[in-house]
Amino acid sequence: MKKLLTLTVNGRLREDAVAENALLIDYLRDTLGLTGTKQGCDGGECGACTVLVDGVPRLACSTLAHSVEGRSIETVEGLSTAGNLSRLQRAFHEHLGSQCGFCTPGMIMAAEALLRRNPQPSRDEIRAALAGNLCRCTGYVKIVDSVEAASKCGEVTA
Amino acid sequence: MGALSEFRFFRPASAADAVRLRGEFPASRFIAGGTDLLPNMRRGLGGAEALIDLGAVAEMKELRRDGERLHIGAGVTLATLAADPIVVSRLPALAQAALAVAGPTHRSAATLGGNLCLETRCQYFNQSEHWRAANQFCMKLDGDTCRVAPKSSRCYAAFSGDVAPALLALGAEVELLGPQGARRLPLAELYVDDGMRWLALGADELLVAVTVPLVAGRASAYAKLRVRGAIDFPLAGVAVVLRRDGDTLAELRIACTGVSSRPELIAGLDELVGQTLDDAALATMERQVKRGIQPMETTLMSVPWRRRATPVLAKRLVRRLWDEAKGG
């Protein structure tokens, strides 16, 4: 049965009729068309579906949409401003942090949360923050390089 | 993964309302972080007519010191637990165990209560419907034989929560709320050595909080063996609580996880109290650990290896805590 769900997605207040058993990932991808959030293992093991809930990384495939009622959701689509890549997106592009690209949105959202709470993380701290995100291309060195590069370019987003 | 079956969704604001809803819908389940329950439900490993979300129950998120006890609401997340200053300084085994659960994204959603009530696991159970059907299912769900011990009348799925052994070794108590009111019991009494009915919770009962004594002079630690360092359930996990008085042991408590259908508090360690920790004492400790555990073929890692590795893990922790306690 559908129930009214009120929440904020990428800064915009939304009200949608959403099935009680809908997962957050299905709401984002199918109802809102925000397909940047990827459906990877779909069982909470790979982190590809990581989004931010009130700024904290959360697995959208293991979260019920109605359980985040009233909260603020951020997806990878919300990072760029006026067509300009965010510092993390730019760093992933410039430092080859993205290979096939499937894990990238989850990596970037987990890294975004890290840089907000710890703007200058060590490589170990970056690895710990991304421990729940798998890259099947195994491009981890470049991913850590990218996050490190983003941390050094300050708040510049354009 | 499959789609979730249809269910009603409730989000009560109090533990009492949650219990009342649980009574109204007999085939309902409580959900907290959902990191284990939802993947299991999507694999068809149990359904529900209603899910009762505990995320809005503020009283279950309290973490406070009551004199010489720490009160931890069952809704406190593992990330909060692992970073709490009192937990880190006074109950390091609990902080380490919380930090050893899955990855950081899981821990910011997963709760203490969820980890304590974690569904038991087995390589014959945590599989897709197709896989399980091809294997004629198993006793834990839809079948009648335990694939791990085919002649057994019980299920041997392993309890695999990391936090329970730490709390068992620390002597925690749990607070349960049911239709008849609240009751407290030692954490050890919450568990049953049966892979299908591993919790001694009543039908409508809710685990509301845990209280842990803050005992002066106690050192503690938790460590686990796992295949994948970043995210994995324990092949074996060991928590040790130790108090040293000069050259003698004043207290030694050890609990294990992943190696029985319940987290196991190791018996027979009292005889070591008052002794020094020499090789003979360590050998006795290892023997008691080996006697207290019962690893079965619930994981792909071999049973003899887990049986041998668990006491070794315990020995390393005990020795480390003993040496560290000398300086303090």
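Coordinate-derived values only; no laboratory data. Computed from a predicted model, the values in this text were never measured in an experiment. Neighbour counts are summed over all protein chains in view; Cβ atoms, including those assigned to glycine, are modelled from backbone coordinates with ideal geometry.
Let's see if you can work this out: charge +1 on each Lys and Arg Cβ, -1 on each Asp and Glu Cβ, no other charges. What is the dipole magnitude of chain B about its Cα centre, in debye to the nearest 20? Show your work: numbers first, answer last.
On the way: 41 positive and 36 negative charges, 158 e Å.
Its charge dipole is roughly 760 debye.
7 Å from Cα along Cα→Cβ at both B:ARG154 and B:ARG287: what's the point-to-point distance in nm?
2.5
Once chain A is represented by equal point scatterers at the alpha-carbon sites, with solvent omitted, what log10 I(q)/I(0) does the Debye formula produce at q = 0.10, 0.12, 0.15 Å⁻¹?
Computed log10 I(q)/I(0) values: -0.34, -0.48, -0.75.
Given R₀ = 41 Å, FRET efficiency for B:GLU49-A:HIS93 by Cβ-Cβ distance, to 0.05? List each step's numbers first, then the result.
Details: r = 48 Å, r/R0 = 1.17.
According to the calculation, E is roughly 0.30.
Apply the Karplus curve 6.51 cos²θ - 1.76 cosθ + 1.60, θ = phi - 60°, to the phi angles in the stretch B:191-202 and return the couplings in whole Hz, x for Gly and Pro.
Residue by residue, the stretch B:191-202 yields 10, 10, 7, 8, x, 9, 10, 8, 10, 8, 7, x Hz.
For the stretch B:99-158, I need the span (max minus min coordinate) of the C-alpha atoms along each principal axis, in Å, sorted largest to smallest.
Taking max minus min along each principal axis of the Cα atoms, the stretch B:99-158 gives 39, 24, 16 Å.
Any idea what the alpha-carbon Rg over 2.2 N^0.38 Å comes to for the stretch B:193-325? If you can, show how the numbers build up before the last one.
Working: Rg = 16.0 Å, N = 133, 2.2 N^0.38 = 14.1 Å.
Relative to the 2.2 N^0.38 Å estimate, the stretch B:193-325 comes out at 1.13.
Report, in debye and to the nearest 20, how large the dipole of the stretch A:2-78 comes out about its Cα centre when Lys and Arg carry +1 and Asp and Glu carry -1 on their Cβ.
Values: 8 positive and 11 negative charges, 21 e Å.
With Lys and Arg at +1 and Asp and Glu at -1, about 100 debye.
As a footprinting exposure proxy, order A:MET1, B:MET296 by other Cβ within 10 Å, with the fewest listed first. If you can, show how the numbers build up before the last one.
Values: A:MET1 10, B:MET296 19.
Exposure proxy ranking, most exposed first: A:MET1, B:MET296.
Considering the convex hull of the alpha carbon atoms of chain B, report its projected area averaged over all viewing directions, in nm², one decimal. Spell out each step's value before the answer.
Details: hull surface 66.6 nm².
Averaged projected hull area, Cα only: 16.6 nm².
Roughly what % of DSSP beta bridges within the protein assembly as shown run antiparallel, to the nearest 5? Don't skip to the end; give the middle numbers.
Details: 58 of 68 bridges.
Restricted to the protein assembly as shown, the bridges split so that about 85 percent are antiparallel.
What trypsin sites (Lys or Arg not before Pro) in the stretch A:77-158 are in a loop by DSSP, with at most 14 other Cβ atoms within 10 Å of the Cβ? Don't skip to the answer; put the middle values down first.
On the way: sites: A:ARG87, A:ARG90, A:ARG116, A:ARG117, A:ARG123, A:ARG127, A:ARG136, A:LYS142, A:LYS152; in loops: A:ARG136.
Sites meeting the loop and neighbour criteria: A:ARG136.
Full-extension gain between B:SER14 and B:GLN136, please, as 0.36 nm times their residue separation minus the C-alpha to C-alpha distance. Provide the component values of the computation, followed by the final result.
Values: separation 122, 0.36 × 122 = 43.92 nm, distance 4.20 nm.
Result: 39.7 nm gained on full extension.
Considering Cα pairs under 8 angstrom that are at least six residues apart, work out the relative contact order of chain B and quote it in whole percent. Could the numbers behind the result be given before it?
On the way: 724 pairs, mean separation 51.7, N = 328.
Computed value for chain B: 16 percent relative contact order.
Add -39500 (n - 2.57) for each DSSP H run of 4 or more in the protein assembly as shown, then divide by its residues: what number comes out at 222 nm, to the nearest 500 deg cm²/dmol? List each step's numbers first, then the result.
On the way: 15 runs with 139 residues, N = 486.
Only helices count here, giving -8000 deg cm²/dmol.
Stick to Cα atoms and the Kirkwood definition of Rh, then tell me Rg/Rh for the stretch B:27-82.
Details: Rg = 14.2 Å, Rh = 12.9 Å.
Checking Rg against Rh, the ratio lands at 1.10.
Run the numbers on chain A and let me know its relative contact order in percent, using alpha-carbon pairs under 8 Å that are six or more apart. Walk me through the numbers on the way to the answer.
Values: 290 pairs, mean separation 37.4, N = 158.
24 percent.
If each of B:SER5 and B:ALA83 carries a label point 7 Å out from its Cα toward its Cβ, how far apart are those two points in nm?
3.7
How do B:ARG320, B:ARG64 line up, fewest other C-beta atoms within 10 Å first?
Values: B:ARG320 15, B:ARG64 10.
Ranking B:ARG320, B:ARG64 by Cβ neighbours within 10 Å, fewest first, gives B:ARG64, B:ARG320.
Quick one: P(r) of the stretch B:191-246 from all Cα-Cα pairs, 5 Å bins, percents rounded to integers, in order of increasing distance.
Histogramming the stretch B:191-246 at 5 Å steps yields 4, 12, 12, 15, 18, 20, 13, 5, 1, 0 percent.
Between A:THR35 and A:LYS2, how many nm apart are label points set 7 Å from Cα along the C-beta direction?
2.2
What does the structure give for B:1-12 when I average, per residue, the other chain Cβ atoms found within 10 Å of the residue Cβ?
4
Quick check on the stretch A:2-78: of the DSSP beta bridges with both residues there, what percent are antiparallel, nearest 5%? Provide the component values of the computation, followed by the final result.
On the way: 15 of 17 bridges.
Here the share of antiparallel DSSP bridges comes out near 90 percent.
What's the percent breakdown of Cα-Cα distances in the stretch B:272-328 across 5 Å bins, shortest bin first?
Taking every Cα pair in the stretch B:272-328, the percentages come to 4, 18, 24, 21, 14, 9, 7, 3, 0.
Would you work out the relative contact order for the stretch B:239-302, in percent, from Cα pairs under 8 angstrom that are 6 or more residues apart? Could the numbers behind the result be given before it?
Numbers: 82 pairs, mean separation 18.9, N = 64.
Relative contact order for the stretch B:239-302 comes out at 30 percent.
Please give the length that would be gained between B:ALA250 and B:VAL303 if that part of the chain were fully extended, namely 0.36 nm times their separation in residues minus their C-alpha to C-alpha distance (nm, one decimal). Mind dumping the intermediate values first?
Numbers: separation 53, 0.36 × 53 = 19.08 nm, distance 3.31 nm.
So the chain would gain 15.8 nm between B:ALA250 and B:VAL303.
Taking the stretch A:2-78, how much of its Cα-Cα pair set, in percent, is spaced more than 21 angstrom apart? Show your work: numbers first, answer last.
On the way: 412 of 2926 pairs.
The calculated P(r) of the stretch A:2-78 puts 14 percent of pairs beyond 21 Å.
Which of the listed residues, B:VAL19, B:ALA158, B:HIS106, is farthest toward the dipole's positive end in the protein assembly as shown, when Lys, Arg count +1 and Asp, Glu count -1 at the beta-carbon?
Final value for the positive-end residue is B:ALA158.
Looking only at other chains, what is the average number of their beta-carbon atoms within 10 angstrom of each beta-carbon in A:58-70?
Mean partner-chain Cβ count within 10 Å for A:58-70: 6.
For a quick check: with amide H placed at 1.01 Å from N, whose amide H comes under 5 Å from A:GLY132's, ignoring anything fewer than 5 positions away on the same chain?
Distant-sequence amide H within range of A:GLY132: B:THR105.
What's the Cα-based Rg to Rh of the stretch A:87-152, Rh via Kirkwood? The partial results should precede the final answer.
Working: Rg = 10.2 Å, Rh = 11.2 Å.
On the Cα set of the stretch A:87-152, Rg over Rh gives 0.90.
Which one, A:LEU52, B:LEU207, A:MET107, is farthest towards the positive end of the dipole of the protein assembly as shown when Lys and Arg carry +1 and Asp and Glu -1 on their Cβ?
So the residue furthest toward the plus end is A:MET107.
Thinking of the protein assembly as shown as a set of Cα atoms, what percent of all their pairs are more than 28 Å apart? All intermediate terms of the calculation are to be shown ahead of the outcome.
Working: 64838 of 117855 pairs.
That fraction is 55 percent.
Please work out the ratio of the alpha-carbon Rg of the stretch B:235-277 to 2.2 N^0.38 Å and round it to two decimals. Intermediate results must be reported in sequence, preceding the final value.
On the way: Rg = 11.9 Å, N = 43, 2.2 N^0.38 = 9.2 Å.
Working it through for the stretch B:235-277, the quotient is 1.30.
Which of the GluC sites (Glu not before Pro) found in the stretch B:1-58 are loop residues per DSSP with 12 or fewer other Cβ atoms within 10 Å of their Cβ? Could you put the intermediate results ahead of the total?
On the way: sites: B:GLU6, B:GLU24, B:GLU49; in loops: B:GLU6, B:GLU49.
Listed in order of number, the matching sites are B:GLU6.
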